[in-house]
Amino acid sequence: LERFGPPDPGNYRMVFEGEVETNDLEELYAKFNLAQPPGYSGHSLSISDVLELYDEDGSTFHYVDRIGFKQVEFLPSAPQMGQNLKL
């Protein structure tokens, strides 16, 4: 992250949107590597992936770094008319 700068939202696509049992980043990392929920269309989480955590107060974005996670500013592009998103 420090070497290449913040992630470019244009290089990302949504692969899952839904509720899971936790907002703990380490638990989410394990879940999306070992027991992916129904509807998940991505690969196992790895370096450079971005997780969005959200609740009634808003959302935060977390970059999967070499060791752990780093909170980042990340403004994903809005879906375009007719674009299919797998939810």
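Solvent-accessible surface of protein heavy atoms, probed at 1.4 angstrom with all chains present, puts 43, 62 in the order 43, 62, largest first. Surface analysis of the range 3-52 yields an accessible area of 70 Å² per residue, using protein heavy atoms and a 1.4 Å probe.
The values are calculated or read from the model by the stated rules, or taken from the named source; none is laboratory data. Since we're looking at a predicted model, the values are computed, not measured. Heavy atoms of the whole protein, side chains included, go into the accessibility calculation; ligands, DNA and RNA do not. Shrake-Rupley method; radii C 1.70, N 1.55, O 1.52, S 1.80 Å.
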